[in-house]
Amino acid sequence: MSSIIDLRGKRGLVAGIVNDHSIAAGCSVAFRRAGAELAITYLNEGAKPFVQPVADTLNAPIFFPCDVRVSGQLEALFDVICKHWGQLDFLLHSIAFAPREDLRANVVNSSAEGFALAMDVSCHSFIRMAKLAAPLMKKGGCLLTVVFYGADRVVEGSNLMGPVRAALESSVRYLAAELGERGIRAYAISPGPIKTCGASGIGRFDELLDEVRVRTPADRLVPIEDVGRVAAFLVGCVQGPLSGSVVYADNDFYLC
């Protein structure tokens, strides 16, 4: 798909790469192959060595720390983008977090503090990014985030991240409606279960992968490269007929 998509001249921000196996890494490779220039973030100094090789491979001119829990850090990132580029054409938000004790507890037993933190990092950070990105998307743009089918189906082990992902999907619809008149589109990509570092916190995740593989018509899980091709396609759809949609990139698992 990326071979027929031309993103040359476009500049995008990718937030949420943990290592080269991350969904965000797969998307970044697809963006770059289509010709886009990328700004890449890393969480902190501890995470930097795992993200640096990805950024180097992508020849990213902006490589900047971004922990959305740290006051002012997200704003500093967009200041750098504004000074370096003066514009932004798209962004990919692939950030999620919940305290381990709350993630492993049933929803009814989740703490107010843990739930609020999960919502802030995993959902509201996307809204904050959209607000900061919009002024730089002078000729329109594209906002992407990554969700999970546990947003509207109960998935054992997802626990409080189910409601949080549901809020993120809803936020995509509202952002698409509010920013549409400025030519800014918003999408949620739902790739189904993929074995990433973030997914390791979900209980019985390996068993879930096996169950999904069996139930999927294609009898295979989706690799990050395929998710990346979908993301690049959405960025390239400048007319935006799908804006506000949850786009399933899961080998038809959601249908079964």
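Given the criteria in contact with a helix residue (DSSP H, G or I) (Cβ under 8 Å, 6 or more places away or on another chain) and at positive phi, does G86 qualify?
Yes.
Please determine, by comparing only the residues of the stretch 141-165 that are small (G, A, S) and either in contact with a Lys or Arg (Cβ under 7 Å, 6 or more places away or on another chain) or at pLDDT below 95 (or both), which one is nearest to Q239 (Cα to Cα).
A151
Counting just the residues of the stretch 208-256 that are part of a loop (DSSP other than H, G, I, E, B) and aliphatic (A, V, I, L, M), which one comes out modelled with the lowest pLDDT?
Restricting to residues being part of a loop (DSSP other than H, G, I, E, B) and aliphatic (A, V, I, L, M), the top hit is A218.
Working only within the stretch 1-60, note down all residues that are β-branched (V, I, T) and either without any contact (Cβ under 8 Å) to a residue 60 or more places away in the chain or part of a helix (DSSP H, G or I) (or both).
Residues satisfying the conditions are I4, I23, V29, I40, T41, V51, V54, T57.
Return only the number of the condition from (1) under 22 Å from V230 (Cβ atoms); (2) buried (at least 18 other Cβ atoms within 10 Å of the Cβ) that A98 does not satisfy.
(1)
The values are calculated or read from the model by the stated rules, or taken from the named source; none is laboratory data. This structure is a prediction, so every number in the text was calculated from the model and none was measured. FYI the Cβ positions are ideal-geometry reconstructions off the backbone, even for glycines, and counts take in every protein chain you see.
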